[in-house]
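This report refers to the structure that appears directly beneath it.
The values are calculated or read from the model by the stated rules, or taken from the named source; none is laboratory data. Please read these numbers as outputs of a predicted model, since none were measured by experiment. Positions of Cβ are backbone-derived with ideal geometry, glycine not excepted, and every protein chain shown enters the neighbour counts. When the accessible area is computed, the model is the full protein with side chains, heavy atoms only, and any ligands, DNA or RNA have been set aside. Shrake-Rupley method; radii C 1.70, N 1.55, O 1.52, S 1.80 Å.
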Amino acid sequence: MDGNKIIEINHLGKTFGKNEVLKDINFSISEGDVTCIIGASGSGKSTMLRCINLLETPTAGEILFRGEDITKTKNVAAYRAKVGMCFQSFNLFSNMTALKNCMIGPMKVLKKSREEAEKDALFFLDKVGMSPYIKAKPRQLSGGQQQRVAIARALAMHPDVLLFDEPTSALDPQMVGEVLEVMKTLAAEGLTMIIVTHEMAFARDVSNHVVYMQDGVIWEEGSPEEIFGNPSRQETRDFLARFINM
């Protein structure tokens, strides 16, 4: 990791009623990091990502984006343009073509002209291998194709950071690979990404920073070599034991 921190999370907490989902979360992301968040279902991974994207309001702590506490921002849309998010359920507009899905954000939020938005959308749809499907609506596309359109839509906003919340969990097994290949390409190009994933081989091979969460707490973090090769906590070893043959 280089020293240019882009996101810093300090003492982050989140409760839903009496249920404490996140407890004193602290970690940082530097430019170009590919950080994979791993852990069992219910460990708080997705909630943390939703807090970073301000889809959930933290109960405690701060989230600094380039030094500014974004939990106090008045312009959430402008922040989300810089910190984009891809969801496991794709969240595409069902009444719009793939091309229009990728144009609407740049036109409405970034105030780009139709021509500029279309040029950008075509570029990013081509980048994720979806050029042949620009006129297709989501219902005409497979899950893997929809997720690739969702990634192109996020990229069209020219984000500084891209968040992925279990981007392959809703896909048929044969479609997982095509989405992971796109993400590997983005990682190789230096895009800063935070990825909640159950794909352990992908996390091991693509990330430079792995965070293991359990019970709303960061139990351990480090390089893929440290976490997958020589974890220091027994809880991490127990979690990874099920993937020992990956």
How far apart, in nanometres, would the label points at S223 and D69 be if each is projected 7 angstrom from Cα along the Cα-to-Cβ direction?
3.5
Expressed as a whole percent, how much of the Cα-Cα distance distribution for the stretch 173-246 exceeds 21 Å?
28
Could you state the angle between the C-alpha long axis of helix 173-188 and the longest principal axis of the C-alpha atoms of the chain, as a value from 0 to 90 degrees rounded to the nearest 10?
90
Count the net charge of all other residues whose Cβ sits under 11 Å from the Cβ of N10, scoring Lys and Arg as +1 and Asp and Glu as -1.
-4
Between S41 and N230, what FRET efficiency comes out of the Förster formula 1/(1 + (r/R0)^6) with R0 = 25 Å and r the beta carbon distance, rounded to 0.05?
0.50
In square angstrom, what is the accessible area per residue of the chain with a 1.4 angstrom probe?
46
Semi-axis lengths (Å, descending) of the ellipsoid that matches the C-alpha gyration tensor of the stretch 30-91
20, 14, 14
Note on the chain: C-alpha Rg/Rh, Kirkwood Rh, two decimals, gives 0.96
With a Förster distance of 35 angstrom and the Cβ-Cβ distance between E20 and A241, calculated FRET efficiency to the nearest 0.05 equals 0.80
Solvent-accessible area, 1.4 Å probe, carbon plus sulfur percent, for the chain:
48
What does the charge count around G84 come to, taking other residues whose C-beta lies under 11 Å from its C-beta (Lys +1, Arg +1, Asp -1, Glu -1)?
+2
Can I get the semi-axes of the stretch 97-208's equivalent ellipsoid? Compute them from the C-alpha gyration tensor as square roots of 5 times the eigenvalues, in angstrom, largest first.
24, 17, 11
